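Let me begin by presenting the structure, written as structure tokens, before commenting on it.
The values are calculated or read from the model by the stated rules, or taken from the named source; none is laboratory data. Computed from a prediction, not measured in an experiment: that's the story for all the values here. Ideal geometry is used to build each Cβ from the backbone, glycine not excepted, and the neighbour counts take in all protein chains shown.
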Amino acid sequence: MGVPDRRATPIVYLGGPIRTMAGGTAEAVVVQGTRIAFVGRADRARRTAGEHALIRDLEGACLLPGFVDA
């Protein structure tokens, strides 16, 4: 647990519905290391992640953050 790994390059996922388990959707999610660092609007996600972030376009696919396939 704890804080995200600040050394890892952030990844911004956007371009498709991102389902929150709170019952809504978001435009974007930022993953930092092994943690979800931000969920919300795409413009804020890009600012939060910084200029060196990797951008992953979902091309309309749905993203369900937090699920781990074991």
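All conditions but one from (1) modelled with pLDDT under 90; (2) among the acidic types (D, E); (3) surrounded by 13 or more Cβ atoms within 10 Å (Cβ to Cβ) apply to E27; the one that does not is (1).
Has the range 8-19 got at least one residue that is at pLDDT below 95, surrounded by fewer than 14 Cβ atoms within 10 Å (Cβ to Cβ) and at positive phi? No, there is no match, as no residue in the range 8-19 is at pLDDT below 95, surrounded by fewer than 14 Cβ atoms within 10 Å (Cβ to Cβ) and at positive phi. Taken over the range 34-47, residues that are assigned to a helix (DSSP H, G or I) and touching a residue at least 24 places away in the same chain (Cβ under 8 Å) amount to 3. Applying the condition of being within 16 Å of M21 (Cβ to Cβ) and among the small types (G, A, S) to the range 31-70 and asking which residue is surrounded by the fewest Cβ atoms within 10 Å (Cβ to Cβ) yields G66.
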